[in-house]
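All remarks here apply to the structure that follows.
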Amino acid sequence: MKWSRAFINTLRETPKEAESISHKYMLRACLIKKLGAGVYDLLPLGLKSLNKVTAIIREEMNAAGAQEVLLPILSPSELWQESGRWAKYGKEMMRMTDRHENSWALGPTHEEVITDLVRSQVNSYKQLPLNLYQIQVKFRDEIRPRFGVMRSREFMMKDAYSFDRDEAAAMATYRLMFDTYTKICKRIGFKFRSVDADSGPIGGNCSSEFMVLAETGEDTIIYCENEKCGYAANMEKAVFKKPEPQTAAEEPLTKVHTPNIRTVEELAAFLGKKPEDTAKTILYIVDEKKMAGAVMRGDREINEVKLKNALGASEIRLATPDEILEKTGAPVGFAGPINLKEKGIRLAIDETVASLKNTVTGGNELDYHYTGVNRGRDYQENLVADFAKAVKGDTCAKCGGKLNEQKGIEMGHVFYLGKKYSKSMQAKFLDEDGKSKEFEMGCFGIGVSRTVAASIEQNNDENGIIWPMAIAPYEVNVIPVNVKYEEGMKYAEEIYKKLKDAGIDVIMDDRDISPGVKFKDSDLIGFPLRVVVGEKNFKDGKVEVKLRREKDFALMDKAEVFDRVVGIVKKEKEIK
RNA sequence: CGGGGUGUAGCGCAGUUGGUAGCGCACCUGCCUUGGGAGCAGGGGGUCGCCAGUUCGAAUCUGGCCACCCCGACCA
């Protein structure tokens, strides 16, 4: 491609909408253009990079035996009603009505559609295992799209769905996909980590997220510093080692007047105790019906995802001050486990609280707390569970090492789904034993648009993007410094053509403009390799070859440039 | 949805007693220049987010609406 013909209009200034680094550079380098909130035009440079990502994904998915399909963007409401998600999915699913008054969804995901396809085509265990995937646009009407294509409403996604005859086979597929994702991440050049994840409302009980490590990531990863241990989990799922049960003699239960004291810090200071000696009781509304009390050690935060799972709820929210007053008889800040069950409130105790002796809790009465509170003697819970948020510095439950945290961007997610959809949608096959069975399913997604942004988030400097060779829009940028210098221009044309013929993805900046602009643009867009033909060096038979990520360039004899460049491109694309 | 903010040229912005719109970058033409977003000269480009109102007159004042951004809630 000759730059003078390319659709590239770089911006010197950053449009004010851009917040994150990748968003900024994607706009400035002319990869994307915003059309509306969370909706972007993908421009040639952006699309080229995205296509390289999808090519890698296709190769690896195909190598793993998956087969590509293309499902419609629209799906009929009937399918979603069958699975129950028409009602459950909420506003994130964009719905519309056609001229016949039929309802449709703009597909936010395709479990229903694929299950419908497979149940109509697959009747026998002989057709299994089956793994179908597509690379296609998804639409999710996000409440707040942000960071450009990192969290957009319309985005490219690779989603695969597997069908197996039993759980063992499904787990084998799961592991195969896990390995495939690992390969994909490596080929793209990511610094990444795979972590245990919460399955969420999609169901199933085995799931891993592939996290691209980046300061600006929206997700928090908890990981064990002991590399041999290797424990890593999404914050929502992370567990840690709980303290041993305390053994102190039980003190008498005492009601204490605690005027105007509502927070744990105030309470601990008032009583001369530490926050970890106290227990706070947070009231939740479960599935918009019943109230539940969650008791947490004073110094710890509640992990609402874990709590939701522990309660077996599909949705929880904090109770409002009015609801709390009405149900417990005390204003916010004075709730406690004693006599809470008697008020019809389900009581969940975190494991950290279960091990406490003589703790402090709210008195369920304005300005009163209890001290010397002991579980079993003073109150009885409905369940003990782990719903505490793990934090940096906690002890690893697996090896006893120290937990740390880092930020990441979720680029992919692998799920073991089980029979959630095959059951609700009656998707069955006939097994070897002549019995009709529901498929064991798995689902495996990669946010393709986001992958491009994540790579930029991980590879950049103050001048722009630093593409890894594998997904750079062009691998090499050939710059004749002065297009009017005929010898140099002639050489640039030659090397450009030779590289192109050799299958190198090359662009030549043939614009008749000042060299500064060419260098700035080259750095901004971030081509991994730059070949500069300048008059002074060329007269000595030398040409400059420079890697974007490195500061210094190499002066090469003009005759060896072709071989060297081809060699570098090839080497850079190898999996490290 | 709650809180905050912004809409003026492709991008960044200025525009107060209300008098019919400007700067930098980008773009076009010419000259000049050619190793880090050059220089000079000339030029094109605007329903000032939309609708209504006040006024002789509205980018500017009033009301309504819309879009977009940030924080939060939310996030298969």
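The values are calculated or read from the model by the stated rules, or taken from the named source; none is laboratory data. Fair warning: this is a prediction, and the values are worked out from it, not measured in the lab. Don't worry about glycine lacking a Cβ; one is built from the backbone with ideal geometry, like all the others, and counts go over all protein chains shown. The accessibility values were calculated without ligands, DNA or RNA, using every heavy atom of the protein model including side chains. Shrake-Rupley method; radii C 1.70, N 1.55, O 1.52, S 1.80 Å.
Key figures for this structure:
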quantity: Those lysines that a straight Cα-Cα span of less than 18 Å connects to A:LYS389, excepting residues fewer than 8 apart in one chain; calculated: A:LYS237, A:LYS241, A:LYS242, A:LYS280, A:LYS306, A:LYS308, A:LYS398, A:LYS402, A:LYS407
quantity: Where chain A is the region considered: accessible area per residue in Å², 1.4 Å probe; calculated: 46
quantity: Vicinal HN-Hα couplings computed from phi for the range A:72-87 (Karplus, 6.51 cos²θ - 1.76 cosθ + 1.60; Hz; Gly/Pro x); calculated: x, 6, 8, 9, x, 4, 3, 5, 6, 5, 4, 7, x, 8, 4, 7
quantity: The range A:1-90 - Kirkwood radius from inverse mean 1/r over Cα pairs (Å); calculated: 16.7
quantity: Where the Cα pairs of chain A fall when distances are cut into 20 Å bins, in %; calculated: 18, 40, 31, 10, 1
quantity: In nm, spacing of pseudo-spin labels at A:ASN482 and A:ASP141 (7 Å Cα→C-beta vector); calculated: 6.0
quantity: Cut-off under 5 Å, modelled amide H: who pairs with A:ASP510 long-range; calculated: A:TRP3, A:SER4
quantity: Taking chain A and dividing mean pair separation by its residue count, relative contact order in percent (alpha carbons under 8 Å, at least six apart); calculated: 17
quantity: Where only C-alpha atoms are counted, convex hull volume of the range A:254-385 per residue in Å³; calculated: 89
quantity: Residues whose placed amide H lies under 5 Å from that of A:LEU340, excluding near-sequence neighbours; calculated: none
quantity: Placed amide H near A:ALA385: partners under 5 Å, 5+ positions off or other chain; calculated: A:ILE349, A:ASP350, A:GLU351
quantity: Backbone HN-Hα couplings from phi across the range A:262-269 [Karplus 6.51/-1.76/1.60, Hz, Gly and Pro as x]; calculated: 10, 8, 4, 4, 4, 5, 4, 5
quantity: Label-to-label distance, nm, for residues given as A:LYS341 and A:GLU215 (7 Å Cα→Cβ offset); calculated: 5.0
quantity: Whole-Å distance, taken between Cα centres, linking the range A:495-559 and the range A:334-363; calculated: 69
quantity: Extension gain (nm, one decimal) between A:LYS392 and A:HIS257, 0.36 nm per residue minus Cα-Cα; calculated: 45.1 nm
quantity: Karplus 3J(HN,Hα) series, Hz, for the range A:522-536 with 6.51 cos²θ - 1.76 cosθ + 1.60 (x for Gly, Pro); calculated: 4, 5, 4, 6, x, 3, x, 10, 10, 10, 10, 10, x, 4, 4
quantity: Set of lysines near A:LYS500 by C-alpha distance (under 19 Å), chain-local residues within fewer than 8 positions excluded; calculated: A:LYS2, A:LYS48, A:LYS52, A:LYS490, A:LYS546, A:LYS558, A:LYS570, A:LYS571, A:LYS573
quantity: Extension reserve of the A:LEU74-A:GLU326 stretch, reckoned as 0.36 nm per residue once the Cα distance is removed; calculated: 86.1 nm
quantity: Theoretical ellipticity at 222 nm over chain A - DSSP helices of four or more residues, -39500 (n - 2.57) apiece, nearest 500; calculated: -8000 deg cm²/dmol
quantity: Cys residues of chain A counted as unpaired, since no other Cys beta-carbon is under 4.7 Å; calculated: A:CYS30, A:CYS185, A:CYS206, A:CYS443
quantity: Rg followed by Dmax, in Å, when the range A:85-139 is reduced to its Cα trace; calculated: 14.3, 42
quantity: Protection-proxy order for peptides A:98-110, A:463-475, each taking the mean of Cβ atoms within 10 Å per residue, highest first; calculated: A:463-475, A:98-110
quantity: Binned Cα-Cα distance frequencies in the range A:212-328 - 10 Å width, integer %; calculated: 10, 29, 33, 23, 5, 0
quantity: Set of lysines near A:LYS126 by C-alpha distance (under 27 Å), chain-local residues within fewer than 8 positions excluded; calculated: A:LYS158, A:LYS419, A:LYS420, A:LYS423, A:LYS428, A:LYS435, A:LYS437
quantity: Accessible carbon and sulfur surface of chain A relative to its total accessible area, %, 1.4 Å; calculated: 49
quantity: Protection proxy ranking of A:211-224, A:243-256, A:10-23 - average other beta-carbon atoms within 10 Å, highest first; calculated: A:211-224, A:10-23, A:243-256
quantity: Förster radius 30 Å - calculated FRET efficiency between A:LYS274 and A:LYS407 (Cβ-Cβ, nearest 0.05); calculated: 0.50
quantity: Percent of Cα pairs exceeding the 19 Å cut-off, where the set is the range A:26-151; calculated: 62
quantity: Magnitude of the charge dipole, the range A:254-385, Cβ model with Lys/Arg +1 and Asp/Glu -1, debye to 20; calculated: 360
quantity: Rg(Cα)/(2.2 N^0.38 Å) for the range A:372-418, N = residue count; calculated: 1.84
